[in-house]
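> My questions all concern the structure below.
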Amino acid sequence: MTMSEIPAIALVGPGAIGTTVAAALHEAGRRPTICGRSAHVRLTLEFDGGQIVVPGPVLTDPHGISDKFDLVFVAVKSTQTASAAPWLSSLCDARTVVCVLQNGVEQIDLFKPFASGSAVLPSVV
Ligand SMILES: NC(=O)c1ccc[n+]([C@@H]2O[C@H](COP(=O)([O-])OP(=O)(O)OC[C@H]3O[C@@H](n4cnc5c(N)ncnc54)[C@H](OP(=O)(O)O)[C@@H]3O)[C@@H](O)[C@H]2O)c1
């Protein structure tokens with residue numbers, strides 16, 4: 001994979017886990033493109049003692065994406081993977097790394113059919 005100096009990052013599924021990862025990226029100075037099912041102007045991660053506001057918007061139309069991304073985090077629930085497939089088609093090409101932020105095993109096999117030839121990186125949430 002050839003990754004540019006500042007990788008273009010997208011995140012699909014800005015729920016509990018997705019918002020946490022988006023907030024961590026934001027704190028590290030990155031501006032992930034956020035893709036979801038419900039439109040939001042911003043994401044807010046609240047925790048004891050504070051909050052982190054991640055600028056949006058949360059995009060809801062996969063067909064509105066024109067660029068491919070270097071790194072795509074996917075944090076939809078496993079039962080929502082198929083419905084999120086249009087996002088993967090729009091965001092990914094063979095140079096993309098897709099990091100699956102889900103519980104469970106066999107993440108590579110589950111995501112490969114949707115990931116446009118991308119490398120799929122399983123993880124433990
Ligand atoms: N939450 C935890 O503490 C925790 C802990 C360990 C592991 N996990 C694992 O982490 C994964 C994510 O769980 P979660 O708790 O973060 O779930 P969640 O809060 O329900 O978040 C899922 C997000 O995906 C969005 N979504 C659903 N369908 C979509 C689609 N087709 N396209 C784009 N976005 C879509 C949902 O949108 P809406 O807002 O419209 O519903 C929601 O924002 C799961 O595998 C879970 O088992 C979670």
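Here, each number is a calculation from the coordinates, and none is a lab measurement. Fair warning: this is a prediction, and the values are worked out from it, not measured in the lab. Cβ sites come from the backbone with ideal geometry, for glycine too, and all protein chains shown count toward neighbours.
> Quick one: what Rg and Dmax do you get for the chain from the alpha carbons, in Å?
So, for the chain, Rg and Dmax equal 13.7, 42 Å respectively.
> Could I ask something else about it? Report the extension gain between residue 6 and residue 28 in nm, rounded to one decimal, defined as 0.36 nm multiplied by the number of residues separating them, less their alpha carbon distance.
Taking residue 6 through residue 28 to full extension adds about 6.7 nm, to one decimal.
> Still on this structure, please answer the following. In debye to the nearest 20, how big a dipole does segment 28-97 give about its Cα centre with +1 on each Lys and Arg Cβ and -1 on each Asp and Glu Cβ?
60
> How far apart, in nm, are two points set 7 Å out from the Cα along the Cα-to-Cβ line at residue 77 and at residue 38?
Computed distance between label sites residue 77 and residue 38 equals 1.3 nm.
> Quick one: Cα centre-to-centre distance for segment 58-125 and segment 4-42, in angstrom?
13
> Please tell me the relative contact order of segment 9-121 in percent, rounded to the nearest whole number, where contacts are Cα pairs under 8 Å and at least six residues apart.
Details: 223 pairs, mean separation 27.8, N = 113.
Value for segment 9-121: 25 percent.
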